[in-house]
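The values are calculated or read from the model by the stated rules, or taken from the named source; none is laboratory data. Treat the numbers as computed from the prediction; the structure is a model and nothing was measured. Every residue, glycine among them, receives a Cβ derived from its backbone with ideal geometry; neighbour counts consider all protein chains shown. Heads up: the accessible areas ignore ligands, DNA and RNA and are worked out on the full protein's heavy atoms, side chains in. Shrake-Rupley method; radii C 1.70, N 1.55, O 1.52, S 1.80 Å.
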Amino acid sequence: MRVTGEEPLLHLHAIPAFADNIIWLLHDGRSAWVVDPGDAAPVHAALHELGLELHGILLTHHHLDHTGGVEELVRSSGAQVHGPAGESLPEPVRRVSGGAQVQVLGKPFEVIDVPGHTAGHIAYFSVEASSEPLLFCGDTLFSGGCGRLFEGTPAQMLASLDRLACLPDTTRVCCAHEYTLSNLRFALAVDPHNEALQAYAVRCEVLHAQGALTLPSCMLTERAINPFLRSREPSVRAGLRIQVTVADDDVAVFAALRDWKNNFR
Ligand code: ZN
Ligand code: FE
């Protein structure tokens, strides 16, 4: 039951796009915002199906698979767009960076700087928007994995992931790609005796077989299973050392882990 004077919580909806992108949609039953709309068509279809009007767009970074639908969506809806300072984005865009707050349908989202995948990559986090805290982390954190280092250093990405790993256990982790199953194959190669990881991989295989998404994940799960959040764990370091010789240094270990993943088939 709704308490008088309290704003209703927002609903979260996943819109699959391209081969494995997910465009996250937040709505209050009338108005909607989307995150990283790489394509306008599936967003239009979802808005139509749910009977919603688009009011705003959040962008995490400049890659086309996250921004390609922005111009058409703005043209058709007049939605306001927020995106990272210092990245090349469709204009006009309201530039935000770490520490800023964005109001989404009356709910405050905190902007967190998470450089690594791109130099200006940001994430959006809110404890008030939904029944659980919500994180939109773009291509920084994936379930069981992390983004490739196109513009940033291993030290930057490790610091960005460390920052996200401090968010509450119940945080719903809304990644921009459904890469979970292939990430988990790598995670199991690194950390084969991790029972939480084994159980999670089984759950995700079942979801996949049902044609369901594995996302959103949650932060408690990611801290238990994701080798890129666990690169200081002895079991992850031991798994890595079977593959490569690496110094006992957090950044060197993280870099070697990311390199192994880049070449993992
Ligand atoms: Zn990207
Ligand atoms: Fe992407």
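Using the Cβ-Cβ distance between residue 203 and residue 91 with R0 set to 35 Å, the FRET efficiency works out to roughly 0.25.
Size descriptors for segment 11-262: radius of gyration and Dmax over Cα atoms are 17.8, 56 Å.
Between the alpha-carbon centres of segment 235-257 and segment 75-144 there is a gap of 32 Å. Counting Lys and Arg as +1 and Asp and Glu as -1 over every other residue whose Cβ lies under 9 Å from the Cβ of residue 236, the net charge comes to +1. In the context of the full set of protein chains, residues of the chain present 44 Å² of accessible surface per residue (probe radius 1.4 Å, heavy atoms only).
For the chain, a crude dipole built from +1 on the beta carbon of Lys and Arg and -1 on the beta carbon of Asp and Glu, taken about the Cα centre, is about 400 debye to the nearest 20. Dividing the summed -39500 (n - 2.57) terms of all DSSP H runs of n ≥ 4 by the residue count of the chain sets its mean residue ellipticity at 222 nm at -10000 deg cm²/dmol.
Restricting to the chain, what percent of DSSP beta bridges are antiparallel, rounded to 5? Bridges in the chain that DSSP calls antiparallel: roughly 65 percent. Where in segment 246-261 is the amide nitrogen less than 18 Å from a point lying 7 Å along the Cα-to-Cβ axis of residue 189? Inside the label zone: 246, 253-261.
In this structure residue 91 has an accessible area near 120 Å², from a 1.4 Å probe over the protein heavy atoms.
Take residue 190: with every protein chain present and a 1.4 Å probe, its accessible area is about 0 Å². A Förster radius of 30 Å combined with the Cβ-Cβ distance from residue 71 to residue 243 puts the calculated FRET efficiency at roughly 0.10.
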